[in-house]
């Protein structure tokens with residue numbers, strides 16, 4: 001849900017519910033601040049807007065802080081922004097993506113291994129592929145049709161695998177290891193259609209479908225947007241919340257260890273002397 005508010009006489013927005021909550025916590029706005037959401041016929045005080053009417057956020061904002069905070073440490077924490085919501089942590093998300101990458105493309109690699117053959121796949125995607133491509137001795141270039149097939153296979157595999165994991169478990173292995181949780185804004189589990197759409201948007205708007213130069217441009221744009229808005233474009237559109245919880249030493253170690261182990265699965269698949277699919 002996109003919310004507009006009036007700050008210093010100027011319309012500000014659209015903002016997510018979490019951004020408005022942070023403004024309330026910081027006393028940048030109050031419950032009487034004029035606000036508007038789609039479906040309203042006129043601007044109303046924030047406490048009368050559908051997302052906040054009769055909500056705990058309004059009760060806390062209107063309460064006497066001394067009556068609900070029992071010590072100075074809690075009083076200080078009340079005034080500070082929530083660490084889970086205020087920090088976008090794009091590099092932690094990238095870390096999770098690196099862990100999930102071989103898992104997400106595994107089905108696509110299996111298909112390509114069976115369709116193109118192991119030797120052809122190793123030639124195009126194996127460890128020596130880049131070296132051969134840059135070598136002056138090799139002038140042969142992959143056919144456009146083959147490149148399109150590889151790109152589509154990997155993208156479709158990514159979308160199907162990630163959306164299934166998100167809709168069933170509300171997380172992926174990388175997100176689980178790094179203590180990242182996803183849900184709808186109302187706290188409910190992400191439905192399969194939203195998960196499928198989100199995975200498509202991540203590939204399209206976040207990674208440019210792995211197509212140069214969009215593979216460079218799209219991540220930069222998404223990175224800047226995430227830092228400024230503390231939410232990605234696609235999560236705003238789909239009303240999805242991504243929460244970053246505490247990372248302890250064990251999770252950091254597991255995150256580093258899993259990158260080396262899981263990413264090698266693709267290498268093992270490409271280098272294996274036996275075909276995965278007979």
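Observations, loosely collected:
- A simple packing score, the average count of other Cβ atoms within 10 Å per residue, orders the peptides 94-104, 177-187 as 94-104, 177-187, with the highest score first.
- In Å, descending, principal axis extents of the Cα set of the stretch 90-271: 56, 33, 28
- Ranked packing of 156-164, 40-48, most packed first, by mean Cβ within 10 Å: 156-164, 40-48
- Our estimate of slack between residue 188 and residue 48, defined as 0.36 nm per intervening residue step minus the Cα-Cα distance, is 48.1 nm.
- Extension gain, residue 252 to residue 115: 0.36 nm times the residue separation minus the Cα-Cα distance gives 45.5 nm.
- Two-site FRET efficiency, residue 168 against residue 98, from Cβ-Cβ distance with R₀ of 30 Å, rounded to 0.05: 0.85
- For the stretch 182-232, the square roots of the Cα gyration tensor eigenvalues, ordered a ≥ b ≥ c, give a/c of at least 1.5 with a/b no greater than b/c, which places it in the oblate category.
We did not get these values from a lab; they are worked out from the coordinates using the rules stated. The structure displayed is predicted, hence computed values, not measured ones. Ideal geometry is used to build each Cβ from the backbone, glycine not excepted, and the neighbour counts take in all protein chains shown.
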